[in-house]
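Visitor: After the structure tokens below, expect a handful of questions from me.
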Amino acid sequence: MAIWDTADELNDPLDFLLIQNGFITLFHRQEVLSETISWLRNHSYKVVRVDSAAWRSQADLHRDIGQVLDFPEYYGSNLDALNDCLSDVAVQSYGWDAADTGLVLVLDGYETFADQDPVSAHLLLDIFAKQATYAALFGHRMMCLIKTEDPELRIPPVGGTPVSWNHRESLSAR
């Protein structure tokens, strides 16, 4: 079963625009992110947010991600365990369910954590992108929206795919 209808390419629904170039999308302007989240919620996406600017360590990352995605108590709070649990999230074992159109993880203030721990910050996105690809194999939609105060933020490719700005804030739209 296809995750998208071929007409979606012509109709440009927002979720299609967000995912077509990768599962991680950058946002700078709060109003653009708020409108996007509102649209996604109105289309039955489960949206969860974390304040990644408050993370001071990898332990904070694991605590917050595990909490918003309902990771099991045995979650090991390391990157391998994150990968394992996100693969369970990808097949809707927990974190969201079949009634949801898709799952959206919003990371507020990502660049703050990335400045403190660039390796862990990038690995989080890489793992998420990998598991979002896995989810797509089952017809499930997962995406990560990154809110940044830095309009020039550049993130190296994750999951083998470049990280792009949303269609309203891309370089061509500025």
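The values are calculated or read from the model by the stated rules, or taken from the named source; none is laboratory data. Values in this document were obtained by computation on a predicted structure and should not be read as measured data. FYI the Cβ positions are ideal-geometry reconstructions off the backbone, even for glycines, and counts take in every protein chain you see. To get the accessible areas, we keep the full protein, side chains included, count just its heavy atoms, and leave off ligands, DNA and RNA. Shrake-Rupley method; radii C 1.70, N 1.55, O 1.52, S 1.80 Å.
Visitor: Tell me the residue from 155, 127 that is outside any helix (DSSP H, G or I) and β-branched (Val, Ile, Thr), please. Show your work before the answer.
Guide: Details: 127 fails: outside any helix (DSSP H, G or I).
Answer to the check: 155.
Visitor: For the stretch 130-139, which positions are assigned to a helix (DSSP H, G or I) and out of contact with any Gly (no Cβ under 7 Å at 6 or more places or on another chain)? Before the answer, list the steps.
Guide: At the first step, the residues of the stretch 130-139 found to be assigned to a helix (DSSP H, G or I) are 130-137.
Selection gives 131, 132, 134, 135, 136, 137.
Visitor: Another one. Which condition breaks for residue 77 when tested against (1) touching a His at 6+ places or on another chain (Cβ under 6 Å); (2) modelled with pLDDT under 95?
Guide: With respect to (1) touching a His at 6+ places or on another chain (Cβ under 6 Å); (2) modelled with pLDDT under 95, residue 77 is out only on (2).
Visitor: Can you name the residue in the stretch 30-69 that is farther than 26 Å from residue 117 by Cβ and charged (D, E, K, R) and is also least open to solvent (accessible area, probe 1.4 Å) among such residues?
Guide: Only one residue fits best here, namely 46.
Visitor: Determine, yes or no, whether residue 158 is touching a Gly at 6+ places or on another chain (Cβ under 8 Å) and open to solvent by 10 Å² or more (accessible area, probe 1.4 Å).
Guide: Details: touching a Gly at 6+ places or on another chain (Cβ under 8 Å): yes; open to solvent by 10 Å² or more (accessible area, probe 1.4 Å): no.
Answer is no for this residue.
Visitor: Residue by residue through the stretch 91-113, note down the ones that are crowded, with 16+ Cβ neighbours inside 10 Å and over 15 Å from the mean Cα position of the chain (by Cα).
Guide: 92, 100, 112, 113
Visitor: Another one. Run residue 130 past the list (1) without any contact (Cβ under 8 Å) to a residue 60 or more places away in the chain; (2) among the basic types (Lys, Arg); (3) farther than 18 Å from residue 3 by Cα and report the number of the one that doesn't hold.
Guide: Against the list (1) without any contact (Cβ under 8 Å) to a residue 60 or more places away in the chain; (2) among the basic types (Lys, Arg); (3) farther than 18 Å from residue 3 by Cα, residue 130 comes up short only on (3).
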